[in-house]
Every structure is written in C-alpha cells, then in structure tokens.
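The values are calculated or read from the model by the stated rules, or taken from the named source; none is laboratory data. Values in this document were obtained by computation on a predicted structure and should not be read as measured data. Virtual Cβ from ideal backbone geometry, glycine too; neighbours counted across all protein chains shown. Note: accessible area is taken over every heavy atom of the protein model, side chains too, but ligands, DNA and RNA are not part of it. Shrake-Rupley method; radii C 1.70, N 1.55, O 1.52, S 1.80 Å.
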Amino acid sequence: MTDTHEAKDLQAPHIKWPKYVAVAVVLAVMTAVEIALALGHFLPQQLTTLILIGFTLAKAALVMLFYMHLKYDTKWYSLVLVFPLFMVVILFGVVLIAAAARNIF
Amino acid sequence: MSDLAATQGHAPVEPGSLPGVDNRKFGVWLFIVNEIMFFAAFIGLFIAYKNTPEMADFHAVLEQSLGIIGTSVLLFSSLMVVLGIAAIQRGSQRGLRLFLLLTILLGAVFLGIQATEFTLLHEHGFALDTSSATSAFYVMTSFHGLHVFIGVVWACGVLFAAWRKWFTPQKYAGVELFGLYWHFVDVVWIILFMLIYLI
C-alpha cells in the first residue's frame, strides 16, 4: 500500500450521462412489467411471485452496479457486501421455510 | 502528500488503505452493510406475517397507486443524483445544483406520499397497534421513511455546499458519498415495493 497506487481518481468513476439514463429506462420498463404482472394476473400466482422476486433482485443489482458504481469501482467495496448478503440469504431462507410450512405464498 | 494529491485532483490515500480504496467511501459502504442487517430483520418480520388473515384485511385497503407513484418518484430521484455527479464531473456547478434540488423535491414528494398512505390506512382503522401485521408494516416503512428524511436533510447540506461552490470536477466526494446512501435507500424501497404492493 504505497502512495503510488493513487494514480486515479478514487471519488467516482466518470460515466457518461446517457448510460445513467439508459439504466433508468430499463428500471422503468422492468417496474412497468412488474406492475402489469401483479395486477393483470396473467400467470399462476407462484410463477408470478418468482418472476417478481427475480425482477426485484435484478433492479436492485442494476442500481448497485451502475448508480453505486460497484461495476466500475475496486472489488473491495463489493467484497464488503458478501458476508451480510450471505447472512440475509440465511435469514430469508429460514423465514421462507417457516412461511412455506404455513402455505403463505 | 494529501495536499499534493488534492492539488493533482486525486483523493488522498491514507497509509494502510487498501489498493484503490477511498476510506471515506469504504466507511459509507460499511454503514450500508449495517443498514442491510437492520432492514433484513424488518423485512423478515413482514414476510413472516405475509398472507395471514390480518395482513389480507390490511392489504385490501392499501392504495396501490400510491405505491406505484412513490416507486417512480424514488427511482427518478436516484437518476437525478447520478446526473448531478456527472454534471460536477463535467464542471457544471449549475447542473449539480439543479439535480440536487430535484432530488430534494422528489424525496419530499415521496415522504408526502407515505404520509398520505399512513393517513388513509389510519382512517380505515389500521393503526400501529391494530395487529402484528400492521405493526410489521408500519415499523418497516417508517424506518425506511426516516432514512428518506435523513437523505433529504443530507441532500440539503450537499446543496448548500454546492451553492458555496465547494465542489469541483476534482473534488466532489461529498456528492458521491451522499449518492451511495440515497441509492441504498432506493434499493431498499425496490424490495419493499415488491413485498408490500405486488405479491
């Protein structure tokens, strides 16, 4: 960790604004599809729920990768997230198993 | 070394820092990790009450249109923050101020929508202590609303700094750090929106 590794700006990567707008459009479209699926009842309930969870995780990932710059920043920031996300998966897993036992979804 | 780095337009690197890591940003990420665990507990509690009879009664009176508008507002506010960062990177002080102002306005609108939602639910007889399901809903969404409120106050501080031209294309970490927090609040709402209004 010498001082020589400060060869670049550590504050935020320089990303052109059209890319930010493109991500916003994708988020808006995904949200519209989510709403249509939830309110339209086109698919079986369980399949709809699975798709909605997938879309939600994808939207969260898009915001974190592009708006929070995890895609462009050093991987150290992403590594910080590994342990808590692992814990969250365990927590939700336990809750969902308990929920399934009561036929919640 | 720090002065030299600042004059050359780079963030100062403290001795012992990880390669390429800005300790200020790393600190905000650690704070976010802490918040993830908080919200995970509240969300877990809400899921545990999902589709119970109490939650079904409650869900029937929820205004989905308010949730949809609130989500759109918060997603749009996240775009405003990154456009503000892009603006200051280009050297546009005016652009930064404009996008920060829009972020504050959109945050305030979201809080107004949440207040309206709570008022409507209260009129239907669903208060914090009505049932375990309503408690789970109010605690989770209020905690998120508190984060939005703190974000709006923080954004006002960043706007003040922008007004005084404290940020330059070489020095804008204050905007970036606020942005990390604001986007995290947005990510949490993306999850809450799906859980509360869609499934």
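Descriptive notes on the structure:
- Scanning the range B:91-114 for residues being farther than 16 Å from B:V158 by Cα and either among the β-branched types (V, I, T) or open to solvent by 50 Å² or more (accessible area, probe 1.4 Å) (or both) gives a total of 2.
- When the range B:159-188 is filtered for residues that are within 11 Å of B:I85 (Cβ to Cβ) and free of Cβ contacts under 8 Å to residues at least 60 places away in the same chain, only B:G174 remains.
- Taken as a whole, the structure places B:T168 among residues that are at pLDDT below 95 and farther than 28 Å from B:M37 by Cβ.
- Residues that are within 7 Å of chain B (Cβ to nearest Cβ) and at pLDDT below 90 number at least 3 in the following helices (runs of 4 or more DSSP H) confined to chain A: A:75-101.
- Some residue of the range B:172-180 being open to solvent by 10 Å² or more (accessible area, probe 1.4 Å), under 25 Å from B:E63 (Cβ atoms), assigned to a helix (DSSP H, G or I) and in contact with a helix residue (DSSP H, G or I) (Cβ under 8 Å, 6 or more places away or on another chain): no
One line per residue, one yes/no per condition, for (1) within 10 Å of chain A (Cβ to nearest Cβ); (2) touching a helix residue (DSSP H, G or I) at 6+ places or on another chain (Cβ under 7 Å); (3) loosely packed, with under 14 Cβ neighbours inside 10 Å; (4) charged (D, E, K, R):
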site	(1), (2), (3), (4)
B:V33	yes, yes, no, no
B:I36	yes, yes, no, no
B:A56	no, no, yes, no
B:H59	no, no, no, no
B:L62	no, yes, no, no
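- Scanning the range B:31-70 for residues that are over 23 Å from A:G93 (Cα atoms) and either among the polar types (S, T, N, Q) or in contact with a Gly (Cβ under 7 Å, 6 or more places away or on another chain) (or both) yields a total of 2.
- Count of the range B:76-124 residues which are out of contact with any Phe, Trp or Tyr (no Cβ under 9 Å at 6 or more places or on another chain) and within 14 Å of another protein chain (Cβ to nearest Cβ): 6
- Criterion violated by B:S132 - all others in (1) over 25 Å from A:A28 (Cβ atoms); (2) out of contact with any helix residue (DSSP H, G or I) (no Cβ under 6 Å at 6 or more places or on another chain); (3) open to solvent by less than 10 Å² (accessible area, probe 1.4 Å) satisfied: (3)
- Any chance B:A133 is more than 22 Å from B:F110 (Cα to Cα), among the aliphatic types (A, V, I, L, M) and within 9 Å of chain A (Cβ to nearest Cβ): no
- B:T141 touching a residue at least 12 places away in the same chain (Cβ under 8 Å) and either assigned to a helix (DSSP H, G or I) or within 14 Å of chain A (Cβ to nearest Cβ) (or both): yes
- Filter result for A:Y77 (loosely packed, with under 14 Cβ neighbours inside 10 Å and in contact with a Leu (Cβ under 9 Å, 6 or more places away or on another chain)): no
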